[in-house]
Amino acid sequence: MSEILPWITLVVCAGAALARIPSTLRGVNPALFYIFLLATAAAVLSIGQFYVAIDGALGGINIAHVLLRLVVFATIYLIAVRVTKGFGAPDAHRMIAGRPGMVMLAVFSVALVAIFLLMEPSASSVRFRDAGAASARNAALQPFYWAAARGYLAYVSLALLPALLRSVREHLPRLVRTGAALMAAGAVATVAGLCLEFAPPQLLPVAPAVNNGAVVFYTSGLVMVWLARVNAGKHRSHGTSSTGG
């Protein structure tokens with residue numbers, strides 16, 4: 001099952017990106033396409049065969065994993081900015097895109113790269129799980145690496161969660177409320193992913209499912225909100241046509 005989930009994530013993200021190409025070429029909401037494109041890139045780097053090939057081209061020392069984490073940072077940032085604007089959450093927007101948010105993004109990004117550079121080089125390892133076994137130094141630093149990798153995602157998700165839950169309860173179109181609920185589930189799964197990094201070893205097997213689930217929930221929620229906007233546009237178009245007739 002853990003091998004299938006990354007493929008499901010890739011199909012969902014790539015399908016959403018492909019569906020956005022016509023609108024993007026017309027200049028309509030291109031940011032959404034780039035979000036789905038980044039999510040697709042992250043999904044590709046999460047699949048063993050692709051990861052090993054890409055990391056091999058980069059030297060075979062897990063640079064691809066740092067790249068993956070930074071791509072995920074960019075994806076969650078763009079999603080969060082879009083959500084806070086779309087759902088009218090100025091406080092959350094400031095915490096993510098304002099000075100506090102940019103400081104947090106910089107701190108976690110620098111910490112991630114710095115900890116990786118402090119670790120001894122290790123052979124390509126999907127999900128970076130085997131890097132800790134390369135040396136005692138790596139074993140000591142690996143928890144801090146994961147704290148940096150998951151910490152920013154958890155920060156953004158916690159900042160978004162109140163606005164998403166509020167939107168679920170408001171009198172909004174059903175697709176919008178469904179999208180907000182899915183993204184709220186993604187936020188909860190993201191925070192759970194951070195907690196699992198410090199959980200007993202017997203819980204680690206569920207971590208890939210939780211982390212891939214977070215990506216699918218966030219992406220599916222964005223798709224729902226996008227479909228709501230498409231439906232609203234169609235209704236406005238029909239209304240204009242009827243009035244004109």
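The values are calculated or read from the model by the stated rules, or taken from the named source; none is laboratory data. All values reported here derive from a predicted model rather than from experimental measurement. Every residue, glycine as well, gets a Cβ built from its backbone with ideal geometry; the counts of neighbours run over all protein chains shown. Areas reflect the complete protein model, heavy atoms only, side chains present, ligands, DNA and RNA absent. Shrake-Rupley method; radii C 1.70, N 1.55, O 1.52, S 1.80 Å.
Between ALA187, ALA163, the distinction of being surrounded by 19 or more Cβ atoms within 10 Å (Cβ to Cβ), within 18 Å of the chain's Cα centre (by Cα) and at pLDDT 95 or above belongs to ALA187 only. Scan region 86-137 for residues that are surrounded by fewer than 19 Cβ atoms within 10 Å (Cβ to Cβ), part of a helix (DSSP H, G or I) and at pLDDT below 90 and the total you get is 6.
Within region 199-209, is there a residue that is within 27 Å of GLY88 (Cβ to Cβ), part of a helix (DSSP H, G or I), open to solvent by 40 Å² or more (accessible area, probe 1.4 Å) and aliphatic (A, V, I, L, M)? Break it down into steps so the answer makes sense when it comes.
Step one: list which residues in region 199-209 are within 27 Å of GLY88 (Cβ to Cβ), which gives none.
No; the residues of region 199-209 include none that is within 27 Å of GLY88 (Cβ to Cβ), part of a helix (DSSP H, G or I), open to solvent by 40 Å² or more (accessible area, probe 1.4 Å) and aliphatic (A, V, I, L, M).
When region 20-29 is limited to residues that are open to solvent by 50 Å² or more (accessible area, probe 1.4 Å) and in a helix (DSSP H, G or I), the one that is nearest to VAL216 (Cα to Cα) turns out to be ILE21. Residues being free of Cβ contacts under 8 Å to residues at least 60 places away in the same chain, farther than 23 Å from GLY221 by Cα and of a type in the set (Val, Ile, Thr) are represented in region 46-60 by at least one member. When ALA181 is tested against (1) over 22 Å from the mean Cα position of the chain (by Cα); (2) of a type in the set (A, V, I, L, M, F, W, C); (3) open to solvent by 30 Å² or more (accessible area, probe 1.4 Å), exactly one condition is not met: (1).
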